[in-house]
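The values are calculated or read from the model by the stated rules, or taken from the named source; none is laboratory data. As the structure is a computational prediction, the values presented were derived from the model and not from experiment. Positions of Cβ are backbone-derived with ideal geometry, glycine not excepted, and every protein chain shown enters the neighbour counts.
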C-alpha cells in the first residue's frame, strides 16, 4: 500500500481527478437504493404511473453516469502506473545490463529471472482495476453514512459487519504470507531444473540423467503443489467467510429491520433500501480483502528489486587517453572468489610494455580466464591495481577501455541479432570494406557465402547452435572490429581444427608486427616460446614471472 500511495502522490493532479471521479461514481451509486425506497413508498402506495416513469428515467440516467465516471476513472488509473511500471522495467534491465559482472554472477540464474518476472507482479498489483478498488474503499463510509441517516440501528449493524469483513481480510492475508514466500523460493528452484533441461538437453540424454532431473523436478513440484493448495484453501476459506458475512449481515439487517417496521420506526421501502446500501458498503471491503495475495507478491517483488537496484554499477564516466599505447601493468594483484578459503592468486606484479607478447599459462582452474576478465575490466581485483598507460582501470571509462581491447573469450557468446550487428556491436562505425577484410582474415568467407542472408543472417540461441569452429571465428572477427592496441585472447584455438589454429596464428603475427600488445592464455609451447613475458599461474599463491630477452617477431602456426 505504501507503493500505491507513493504512486498517487507522484501525480497529485491526476490523483485528484481520480478521487473526484470516484466520488461522483459512488454518489451516483446511491441512486438504485433511493429508487427502491421511492418506488415502494410513493408509487406502490399511490399508484401514479408518471411518478414511476420519472423515477425510472432518473435512476437509468444515474446508472449511465455512474458507468461513465467509472470508465473515465479506469482510464485515469492507467496513467498513474503506466510511467512507473515502464521506469521499473527499464531500471531493472538497466541494472541487469550495467551492474558489475562480479555482482551479477553472485545471483543464481533463477533469482535473476525471478527479479525480472517480479515486474509483472508489481504491474498486476497496481493496475487500473486494483487502484479503482482501493479508491472505492473509503466510499464504503458514504453508504454506511446514508444508512445511518435512514436508521441508526441498521447503520450500526452494517458497520460492525464491515469491520469484521475487513479484519478477516487482514488475518487471511497474514495467513498466506509465509506459504506465498515459500512458494516463490520453490518456484525459483524449479526454474533452475527447467533451465537445466532446456540448456543441457544433450547432457540429459547422453548420460541418462533424465531420471535424476525428473526426480528433482518432482520434488520441487510436489512441494510447490502442497504450498499452492494451502494458499488456495486459505483463499477459498476467505471467500466462503466473506460470503457468509454478507449472508449473516443481510439476515441480521432484515430481522432487526422487520422489528423496526412492526414497531413503526421504519417503513418497508427503507428496509429494503437499507439492505442494498449495506451490501454496497461491504462490496469494496470484500474486494480489498481478497487483494491481499496480489499486494503481498508485489511487496516481495519490490523488496527483491530494491536489493537488486543496490548492486554496484559500472561507471558511466571516467578517465580516458587520446592515444593508448597498449602498455599494461599489474601491480600487486590478488583475487579471491566469494566463499573460497584462499586466493586464486596474489601478489601478481608484472609490467607489459607496449608491443609485447605476454602468455598466461596454468592448469585448469588456475585462474587464466579470471585474469583475462580482470584485464578486460569485467571483474575487479580483490586488491592491487591494473594500470593502462598509468591509468587505474577502476578510474577509466569502461566503454572507452573496452574499445581499446580486442577481446576473445574462451566461451564466446553472442546477441540474438544479425551477424553484422554482432560483429560491429563495439564498433558500429565499421565500414563495409573493413568488415569484409575482417571476414577474410577470420576465414569466415565460405560461411558467409553459404548463409542465405549474408550479414543479415540472424544468430539465435546466443550462438550456441553454431559449430565450435564457426563460433570461435565469429568471436575472432568481433574482436578485430575494435582494432584496439591491446589484444586479450583466452585459449583462442581451443576446439579449432588445424586450419582454424593457423588462422588465429596468422592474425596474431599480423597484429604483433603492427605493434599491438598481445596477452594470450595458452598451453601451446610454440606460443609460450614467443612470449616476451610468461606468467605461470600454476605457482600458488604467487604466480611466477619469466621474461625472454630475444623473442621472435612472429607467432608461429599452432
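Evaluate the following for residue 422: is it in a helix (DSSP H, G or I), modelled with pLDDT of 90 or more, in contact with a helix residue (DSSP H, G or I) (Cβ under 8 Å, 6 or more places away or on another chain) and in the same structural domain as residue 454 (by TED's automatic domain parsing)?
Details: in a helix (DSSP H, G or I): yes; modelled with pLDDT of 90 or more: yes; in contact with a helix residue (DSSP H, G or I) (Cβ under 8 Å, 6 or more places away or on another chain): yes; in the same structural domain as residue 454 (by TED's automatic domain parsing): yes.
It is true that residue 422 is in a helix (DSSP H, G or I), modelled with pLDDT of 90 or more, in contact with a helix residue (DSSP H, G or I) (Cβ under 8 Å, 6 or more places away or on another chain) and in the same structural domain as residue 454 (by TED's automatic domain parsing).
Is it the case that the stretch 486-507 has a residue that's in contact (Cβ under 8 Å) with a residue 60 or more places away in the chain, assigned to a loop (DSSP other than H, G, I, E, B) and touching a strand residue (DSSP E or B) at 6+ places or on another chain (Cβ under 6 Å)?
Keep residues of the stretch 486-507 that are in contact (Cβ under 8 Å) with a residue 60 or more places away in the chain, which gives 486-494, 503, 506-507.
If we keep only those that are assigned to a loop (DSSP other than H, G, I, E, B) as well, we get 491-494.
The next check asks that each one be touching a strand residue (DSSP E or B) at 6+ places or on another chain (Cβ under 6 Å); those that pass are 491-492.
Checked the stretch 486-507: at least one residue is in contact (Cβ under 8 Å) with a residue 60 or more places away in the chain, assigned to a loop (DSSP other than H, G, I, E, B) and touching a strand residue (DSSP E or B) at 6+ places or on another chain (Cβ under 6 Å).
Being at negative phi and touching a helix residue (DSSP H, G or I) at 6+ places or on another chain (Cβ under 7 Å) narrows it down to one residue among 324, 337; which is it? Step through it out loud before you land on a result.
Values: 337 fails: touching a helix residue (DSSP H, G or I) at 6+ places or on another chain (Cβ under 7 Å).
It is 324.
Scan the helices (runs of 4 or more DSSP H) fully inside the stretch 1-91 and keep the ones with 1 or more residues being touching a residue at least 12 places away in the same chain (Cβ under 8 Å), within 26 Å of the chain's Cα centre (by Cα) and farther than 29 Å from residue 150 by Cα. Show your work before the answer.
Numbers: elements: 2-10, 12-28, 31-38.
Qualifying helices (runs of 4 or more DSSP H): 2-10.
Quick one: in the stretch 197-224, which of the residues that are over 16 Å from residue 187 (Cα atoms) and at pLDDT 80 or above is surrounded by the fewest Cβ atoms within 10 Å (Cβ to Cβ)?
Result: 211.
Based on this model, can you work out whether residue 480 counts as part of a strand (DSSP E or B), modelled with pLDDT of 90 or more and in contact with a strand residue (DSSP E or B) (Cβ under 8 Å, 6 or more places away or on another chain)? Give the steps one after another, and end with the answer.
Working: part of a strand (DSSP E or B): no; modelled with pLDDT of 90 or more: yes; in contact with a strand residue (DSSP E or B) (Cβ under 8 Å, 6 or more places away or on another chain): yes.
Answer is no for this residue.
Among 383, 394, which is the only one that is without any contact (Cβ under 8 Å) to a residue 60 or more places away in the chain, surrounded by fewer than 18 Cβ atoms within 10 Å (Cβ to Cβ), in the same structural domain as residue 485 (by TED's automatic domain parsing) and closer than 23 Å to residue 354 by Cα? Give the derivation first.
Numbers: 383 fails: closer than 23 Å to residue 354 by Cα.
None of the others qualify; the one that does is 394.
This table checks each residue for (1) buried (at least 16 other Cβ atoms within 10 Å of the Cβ); (2) farther than 11 Å from residue 481 by Cβ; (3) assigned by TED's automatic domain parsing to the domain that holds residue 507.
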position	(1), (2), (3)
412	yes, yes, yes
434	no, no, yes
455	yes, yes, yes
458	no, yes, yes
463	yes, yes, yes
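Please state which of the following conditions residue 230 fails to meet, knowing it meets all the rest: (1) closer than 18 Å to residue 291 by Cβ; (2) buried (at least 17 other Cβ atoms within 10 Å of the Cβ).
That leaves (1) as the condition not met.
Looking for something in contact (Cβ under 8 Å) with a residue 60 or more places away in the chain, surrounded by fewer than 19 Cβ atoms within 10 Å (Cβ to Cβ), under 16 Å from residue 99 (Cβ atoms) and in contact with a strand residue (DSSP E or B) (Cβ under 7 Å, 6 or more places away or on another chain) - is there at least one such residue anywhere in the stretch 313-335?
yes
Do any helices (runs of 4 or more DSSP H) lying entirely in the stretch 268-383 carry at least 1 residues that are within 30 Å of residue 34 (Cα to Cα), and which ones are they? Steps first, answer last, please.
Numbers: elements: 268-289, 292-309, 368-376.
Where helices (runs of 4 or more DSSP H) fall fully within the stretch 268-383 and carry at least 1 residues being within 30 Å of residue 34 (Cα to Cα), they are 268-289.
Show me the helices (runs of 4 or more DSSP H) entirely contained within the stretch 102-181 in which 2 or more residues are within 22 Å of residue 236 (Cβ to Cβ).
On the way: elements: 109-125, 128-136, 140-150.
Because the criterion is at least 2 residues that are within 22 Å of residue 236 (Cβ to Cβ), the helices (runs of 4 or more DSSP H) in the stretch 102-181 that meet it are 109-125, 128-136.
Go over the candidates 424, 457, 451 one by one and state the one that is without any contact (Cβ under 8 Å) to a residue 60 or more places away in the chain and touching a strand residue (DSSP E or B) at 6+ places or on another chain (Cβ under 7 Å).
The unique qualifying residue is 457.
Which of the residues belonging to the stretch 100-138 are surrounded by 20 or more Cβ atoms within 10 Å (Cβ to Cβ) and either over 26 Å from the mean Cα position of the chain (by Cα) or outside the structural domain of residue 188 (by TED's automatic domain parsing) (or both)?
Selection gives 132, 134, 135, 136.
As an exercise: evaluate residue 351 against (1) in contact (Cβ under 8 Å) with a residue 40 or more places away in the chain; (2) within 26 Å of residue 510 (Cβ to Cβ) and give the number of the one condition it does not meet.
Exception for residue 351: condition (1).
Against the definition (buried (at least 16 other Cβ atoms within 10 Å of the Cβ) and in contact (Cβ under 8 Å) with a residue 12 or more places away in the chain), how does residue 256 come out, yes or no?
Numbers: buried (at least 16 other Cβ atoms within 10 Å of the Cβ): yes; in contact (Cβ under 8 Å) with a residue 12 or more places away in the chain: yes.
When the stated conditions are applied, residue 256 passes them.
Answer yes or no as to whether residue 238 is part of a loop (DSSP other than H, G, I, E, B), touching a helix residue (DSSP H, G or I) at 6+ places or on another chain (Cβ under 7 Å) and at pLDDT below 85. Spell out the reasoning first.
On the way: part of a loop (DSSP other than H, G, I, E, B): no; touching a helix residue (DSSP H, G or I) at 6+ places or on another chain (Cβ under 7 Å): yes; at pLDDT below 85: yes.
Judged against the criteria, residue 238 is not a match.
Checking residue 87 against (1) exposed (fewer than 12 other Cβ atoms within 10 Å of the Cβ); (2) in contact with a helix residue (DSSP H, G or I) (Cβ under 6 Å, 6 or more places away or on another chain), which single condition isn't satisfied?
(2)
Taking the stretch 530-544, which residues are touching a residue at least 24 places away in the same chain (Cβ under 8 Å) and more than 26 Å from residue 506 (Cα to Cα)? Full working, then the answer.
As a first pass, look at the stretch 530-544 and keep what is touching a residue at least 24 places away in the same chain (Cβ under 8 Å): 530-538, 540-543.
Result: 537, 538, 540, 541, 542, 543.
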